[in-house]
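Below you'll find the structure, written out as structure tokens, and then a few comments.
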Amino acid sequence: MCSLLRAERRAADTAGARLCRLAVSWAVMHPADRIHQPATYIDRGRNRTDLNVAGAGAPSIAEYAVAEFATAVGMSEGAGRDHLGHCVGLRYRLPGLWAGSSPATRRPGRPASSPERRSA
């Protein structure tokens with residue numbers, strides 16, 4: 001039974017790392033300046049608001065991309081924004097940690113680098 005539990009945990013860690021990498025790819029594919037110049041004002045409700053989901057040093061993404069990502073992965077918009085923020089922040093603000101976030105590069109027993117595992 002324990003070996004089954006460990007195998008499921010490894011599979012979940014692998015899926016979480018893969019989802020995080022896909023989230024970063026999604027954010028890169030939907031930069032805020034791709035559809036308009038970076039906003040100098042907020043135009044909420046018209047899908048033209050830049051969202052910096054991960055803070056300084058990370059790229060801004062188009063607001064509509066957050067809602068589409070959240071819908072695609074079955075999350076609320078807020079949860080999707082948070083997930084994108086964690087993953088994009090990991091990639092751009094913590095590149096050393098990002099480089100070691102693949103389950104294949106982790107030592108046995110080392111916790112996953114996915115945002116959900118770190119906050120648990």
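Values for this structure:
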| item | result |
| --- | --- |
| For A70: the one exception among (1) at pLDDT 90 or above; (2) within 14 Å of D33 (Cα to Cα) | (2) |
| Unmet requirement for A56, which otherwise passes all of (1) surrounded by 15 or more Cβ atoms within 10 Å (Cβ to Cβ); (2) at pLDDT 80 or above; (3) closer than 18 Å to R93 by Cβ; (4) not aromatic (F, W, Y) | (1) |
| Top-ranked residue of the stretch 11-46 - restricted to ones that are in a helix (DSSP H, G or I) and more than 20 Å from L90 (Cα to Cα), ranked as modelled with the lowest pLDDT | I35 |
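Here's the yes/no breakdown for (1) under 13 Å from W26 (Cα atoms); (2) within 10 Å of the chain's Cα centre (by Cα); (3) part of a strand (DSSP E or B):
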position	(1), (2), (3)
A54	no, yes, no
G57	no, no, no
Y64	yes, no, no
A67	yes, no, no
A72	yes, no, no
M75	no, no, no
A79	no, no, no
D82	no, yes, no
G85	yes, yes, no
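The values are calculated or read from the model by the stated rules, or taken from the named source; none is laboratory data. Everything numeric in this text was worked out from a predicted model, so none of it was measured. Every residue, glycine among them, receives a Cβ derived from its backbone with ideal geometry; neighbour counts consider all protein chains shown.
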